[in-house]
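See below for the structure under consideration.
Each reported figure results from applying straightforward, stated rules to the coordinates on display, with no laboratory input. A quick note: this is a predicted structure, and the numbers were derived from the prediction, not measured. We place every Cβ from the backbone using ideal geometry, glycine too, and count neighbours over all the protein chains shown.
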Amino acid sequence: MEVLHLTATQFLRPMGAGRTFPVLLGAEDAAGQMMEVVTKLRGPELGVKAQIAELVAAPLAAHLGLEVPQAAVVDVPAGFEAIVPPGHAAAFRASPGCNFGSVHLGTSFTTWASGRVPAGVQRDQAVEIFAFDLLVQNPDRRSSNPNLWSRSERLGVYDHEQAFSFLHLPIIGGPSRPWVLADQAASFRFMEKHAFYPALRGARLNLGPFREKLVALSDRVIEGLLNPIPAEWRQGHDLCSQTAEYLREAREERTAFLNFVKHLLR
């Protein structure tokens, strides 16, 4: 997936009342091509580490074979708040410069309803989504809030600001790895609340394609996931290097990782 670099030119509308304050903006690329992009502004609920998580997780999901909206870095020019409704101006005033965005899917998709069960070819996709969320340790695809969409028979994912948070939150003993036996017993109970956990337990699991994509997660691919991160998001922490190290280790420990996926869904 190519990460787009866009400049916001229009405020179109708020995208609901989520805690990350998503808004739909009109934006253009360097060639002047216009597109609609769902933008999450930096702020108390979405700091730069969460923005990095979004920007890395989207192309990582695409590499692993999942459907995901195209990611973008959206430059919000200083003074943009002058053209937005007064109720939203403060958020824009506090978020000039680079913000995470994703190209709007339009109207040809359906939001995945809470409690819906994947069937047919969607079941294999659901297994891969479950494995992806375990890999990035994303606790935010719960039955009550699936953060999923579908188009025809394809399932898609979005909202990954909580991915990789284990790398920067204070955890006694350091970050947990799902391929480490000592970490498995206590650190991953959140996966029991996953939107697909009830439907996949005891099911046939086809993890072959996911394994192949993990094998193909080369150092060059990992570097490509991190390259689009703006320099101003990299200041004062080492999350980027930690993420690269974690993904390299996941690739090498893929057999133990996938065995744990099977164990969780036994």
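Only lysines eight or more places from LYS193 in sequence, or on another chain, were considered; those with a Cα closer than 22 Å are LYS262.
With contacts taken as Cα pairs under 8 Å at a separation of at least 6 residues, the chain carries a relative contact order of 18 percent. If you take the Cα centroid of the stretch 241-266 and the Cα centroid of the stretch 128-165, the two points sit 17 Å apart.
Along its principal axes, the stretch 193-266 has C-alpha extents of 45, 26, 17 angstrom, given from the largest down.
Per the Debye calculation on the chain with a single equal scatterer at every Cα and no solvent contribution, log₁₀ I(q)/I(0) for q = 0.09, 0.11 Å⁻¹ amounts to -0.41, -0.61. Considering only alpha-carbon pairs that sit under 8 angstrom and 6 or more positions apart, the relative contact order computed for the stretch 110-264 is 27 percent.
The Cβ shell under 14 Å around SER114 holds other residues with a net charge of +3, Lys and Arg each +1, Asp and Glu each -1.
A straight chain from MET1 to LYS262 at 0.36 nm per residue would run longer than the Cα-Cα distance by 91.1 nm. Remark: C-alpha extents of the stretch 4-103 on the principal axes read 41, 32, 21 Å, sorted largest to smallest. With viscosity 0.692 mPa s and temperature 37 °C, the Kirkwood radius over alpha carbon pairs of the stretch 110-264 converts through Stokes-Einstein to a diffusion coefficient of 198 µm²/s. Dividing the mean sequence gap of close Cα pairs (under 8 Å, 6+ apart) by how many residues the stretch 7-139 holds gives a relative contact order of 22 percent. Three principal axis extents of the stretch 102-153 based on alpha-carbon atoms, in descending order, are 30, 28, 19 Å. The distance between label points at HIS88 and ARG189 comes to 4.0 nm (points 7 Å beyond Cα on the Cα→Cβ vector).
Across the stretch 23-33, computed HN-Hα scalar couplings (Karplus, 6.51 cos²θ - 1.76 cosθ + 1.60, θ = phi - 60°) run 9, 9, 10, x, 9, 10, 8, 5, 8, x, 6 Hz from first to last residue, x flagging Gly and Pro. Roughly how tilted is helix 254-264, in degrees to the nearest 10 and between 0 and 90, from the longest Cα axis of the chain? That works out to roughly 80 degrees. Given their separation in residues at 0.36 nm each and the Cα-Cα distance between them, VAL121 and LEU12 gain 35.7 nm when the chain is fully extended. Each residue in ILE83, ILE229, ILE129, ILE52 was given a count of other beta-carbon atoms within 10 angstrom of its own, and listing them fewest first yields ILE83, ILE229, ILE52, ILE129. Cβ crowding within 10 Å ranks SER108, SER241 as SER108, SER241, fewest other Cβ atoms first. With respect to the chain, whose longest principal axis is taken over its alpha-carbon atoms, helix 239-252 is tilted by about 30°. Note on LYS40: aspartates and glutamates with a C-alpha under 13 Å away, same-chain residues under 8 apart excluded, are GLU54, ASP75, ASP159, GLU161. The order of VAL56, VAL68, going from fewest to most other C-beta atoms within 10 Å of their C-beta, is VAL68, VAL56.
If one takes the longest principal axis of the Cα atoms in the chain, at what angle in degrees, from 0 to 90 and to the nearest 10, does the Cα axis of helix 48-63 lie? On a 0 to 90 degree scale, this one is about 60.
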